[in-house]
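The values are calculated or read from the model by the stated rules, or taken from the named source; none is laboratory data. Only a predicted model underlies this, so the values are computations on that prediction, with no experimental measurement involved. Cβ atoms come from the backbone with ideal geometry, glycine included; neighbour counts cover every protein chain shown.
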Amino acid sequence: MTVYWITLGAGALLSFLLTYLLMAKRPLENSLIGHDRGRKFAEGAAVNIGKPTGVGVYFVTVFTFMSLVAIDIHYPDMGVILSLVIIFMAMVTGLLDDRSKTAWNEYIKGGLDFIIAILAALVSTFFLFDGYVVISLAGYHLQMNGIIFFILAVVLFIVSINATNATDGIDGLSGTLTIFTIIALTVAAYFNGTLQYDGLIVGVFLIVCLLAYLKFNFFPSKVLMGDAGSRALGVFIAFYAIYLKIPFAYLIVGLPFLLDGGISILKITVGRLTKKKIILFKNILTPFHEELKKKRGMPVPKVYKTLIIPSAALDAIYAGAVMIILLFFK
């Protein structure tokens, strides 16, 4: 057990240092990553034009490599290994878009997201699913049919990828929300008895990699994670919730992503399916951080605080509720 804790601590420190060094030096910057082209409809997006984007390749690579090195090699969990491979694949697809001269159209991105979601759901169903999921707030084991689980997993991955990607429009927002989400899921899994060593490893390692990245991404940002980072984070969050046996917890801890970025995806999807006969949230700019910037006139730091504070409170309340219910009422 002591070896495990030493591995966790040393691996976390090394992950932070490697990510920080890569962010500071950005090796192969001109040939590996792209530079921001600006967002046509995003208020204030012009300030990001030319900034290095796609630096998610650095922290995702460090996270993947360090996780593969540190997971329990005596009892390798093939589900975890394959999950890391798919997270890396999601990063690569995002990176190719980040470094292209013109942005890929949404059909290409959507198709790639769907392929990643299918592969991720297959890995989840055959390697991570044990025939049940846990309702975290009650500690209740819910038996589930494998086919139903697979379908719901596909939906979860698609939603998580796109919602996380859409929140990546405010300096520091997507990275910070991901850290809060990982912490809340980890606490809930611990009290539900579903947190294992490999799960703790990947959760902690990604947190420290994101902390190193955020040093360069807080307002005013010097670098942007790009699709290489945001899409990989979306895949990770879905995988993490599934691995910890509490996928329905995303409905709570994922609310900040859903309320900021998710409504944008919903608005676009419904509009296209109905040929714009139905326009949801007609008077609200989406993602919601654009509403706060453009229509409410909030500067970026204030938008960040406005979204982060209630998100932190939500995750703290959820984690605290799980702890109290399972300790005193279960």
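Structure notes:
- Selection of the stretch 115-144 for residues being of a type outside the set (A, V, I, L, M, F, W, C) and over 21 Å from the mean Cα position of the chain (by Cα) yields D130, G131, Y132, G139, Y140, H141, Q143.
Yes/no matrix, rows are residues, columns are (1) more than 30 Å from G139 (Cα to Cα); (2) touching a residue at least 60 places away in the same chain (Cβ under 8 Å); (3) touching a Cys at 6+ places or on another chain (Cβ under 8 Å); (4) not polar (S, T, N, Q):
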{"site": "G234", "(1), (2), (3), (4)": "no, yes, no, yes"}
{"site": "F248", "(1), (2), (3), (4)": "no, yes, no, yes"}
{"site": "G262", "(1), (2), (3), (4)": "no, yes, no, yes"}
{"site": "P301", "(1), (2), (3), (4)": "yes, yes, no, yes"}
{"site": "S311", "(1), (2), (3), (4)": "no, yes, no, no"}
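- Residues in the stretch 186-198 that are in a helix (DSSP H, G or I), within 17 Å of A238 (Cα to Cα) and either of a type in the set (S, T, Y) or modelled with pLDDT of 95 or more (or both): T186, V187, A188, A189.
- Close pairs (6 angstrom Cβ cut-off, 6 or more residues apart or separate chains): on the phi < 0 side of the Ramachandran plot and of a type in the set (A, V, I, L, M) in the stretch 173-185, at pLDDT 95 or above and not in a helix (DSSP H, G or I) anywhere: L185/L244
- The requirement of being assigned to a helix (DSSP H, G or I) and modelled with pLDDT of 95 or more is not satisfied by I265.
Results for (1) buried (at least 23 other Cβ atoms within 10 Å of the Cβ); (2) under 30 Å from I49 (Cβ atoms), shown as yes or no for each residue.
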site	(1), (2)
V187	no, no
F191	no, no
T194	no, no
V202	yes, no
L206	yes, yes
I237	yes, yes
L259	no, yes
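- Some residue of the stretch 246-255 being outside any helix (DSSP H, G or I), under 22 Å from E106 (Cβ atoms) and of a type outside the set (G, A, S): no
- The residues of the stretch 64-119 that are part of a loop (DSSP other than H, G, I, E, B), of a type in the set (F, W, Y) and within 30 Å of I148 (Cβ to Cβ) amount to a single one, Y75.
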